[in-house]
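The values are calculated or read from the model by the stated rules, or taken from the named source; none is laboratory data. Given the structure is predicted, the values throughout are model-derived calculations rather than measurements. Don't worry about glycine lacking a Cβ; one is built from the backbone with ideal geometry, like all the others, and counts go over all protein chains shown.
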């Protein structure tokens with residue numbers, strides 16, 4: 001009887017060990033990415049233009065090349081540059097680019113519309129380098145009115161280019 005009792009106690013102790021509580025641990029991790037930033041490095045300039053009686057356009061590519069339609073360029077072309085921006089943030093992350101729909105530049109009471117903005121990344125998205133940087137350039141179309149009055153046209157408030165992580 002003592003043997004049976006001893007075996008029963010051992011079996012109960014053994015079976016209790018099989019159903020004993022077990023534990024495991026896990027860690028929690030979060031990565032706060034470097035905020036994305038954009039800094040303007042060059043303003044957009046369409047250069048010198050000769051307006052025509054009928055008006056026209058000047059297309060400025062993100063690469064800084066310009067194409068006239070209905071207007072001409074004088075021998076002294078002036079400063080021609082696409083707008084340029086440095087983008088910085090978390091290495092290798094992609095970001096989206098939002099360009100303005102239009103922008104008005106003025107010379108006194110006269111104005112011209114700048115629209116059809118394009119960027120050096122035609123897809124509207126780009127990827128930061130392994131160092132977390134990128135250069136973004138922006139072109140647009142200048143709409144020159146019929147017999148557009150002479151003057152230096154600008155808008156000191158500028159136009160806004162927005163970048164955001166995808």
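For segment 31-51, the candidate set comprises residues that are in contact with a strand residue (DSSP E or B) (Cβ under 7 Å, 6 or more places away or on another chain) and within 21 Å of residue 146 (Cβ to Cβ); within that set, the residue that is surrounded by the fewest Cβ atoms within 10 Å (Cβ to Cβ) is 50.
Of 163, 76, which residue is over 16 Å from residue 58 (Cβ atoms) and modelled with pLDDT of 95 or more? Working first, answer last.
Working: 76 fails: over 16 Å from residue 58 (Cβ atoms).
Among 163, 76, only 163 is over 16 Å from residue 58 (Cβ atoms) and modelled with pLDDT of 95 or more.
Residue 143 meets each of the listed conditions (1) surrounded by 15 or more Cβ atoms within 10 Å (Cβ to Cβ); (2) within 18 Å of the chain's Cα centre (by Cα); (3) in contact (Cβ under 8 Å) with a residue 40 or more places away in the chain apart from (2).
Considering only segment 65-80, how many residues are surrounded by 16 or more Cβ atoms within 10 Å (Cβ to Cβ) and closer than 20 Å to residue 104 by Cα?
4
Filtered by the rule that a residue be farther than 30 Å from residue 147 by Cα and either loosely packed, with under 14 Cβ neighbours inside 10 Å or free of Cβ contacts under 8 Å to residues at least 24 places away in the same chain (or both), segment 95-112 gives a lone residue, 98. The residues of segment 52-64 that are loosely packed, with under 12 Cβ neighbours inside 10 Å and under 14 Å from residue 143 (Cα atoms), listed by number, are 53, 54. Is it fair to say residue 28 is within 29 Å of residue 126 (Cβ to Cβ), loosely packed, with under 12 Cβ neighbours inside 10 Å and at pLDDT 95 or above? Criteria not met by residue 28. The number of residues in segment 119-138 that are in contact (Cβ under 8 Å) with a residue 40 or more places away in the chain and either over 14 Å from the mean Cα position of the chain (by Cα) or surrounded by fewer than 18 Cβ atoms within 10 Å (Cβ to Cβ) (or both) comes to 5.
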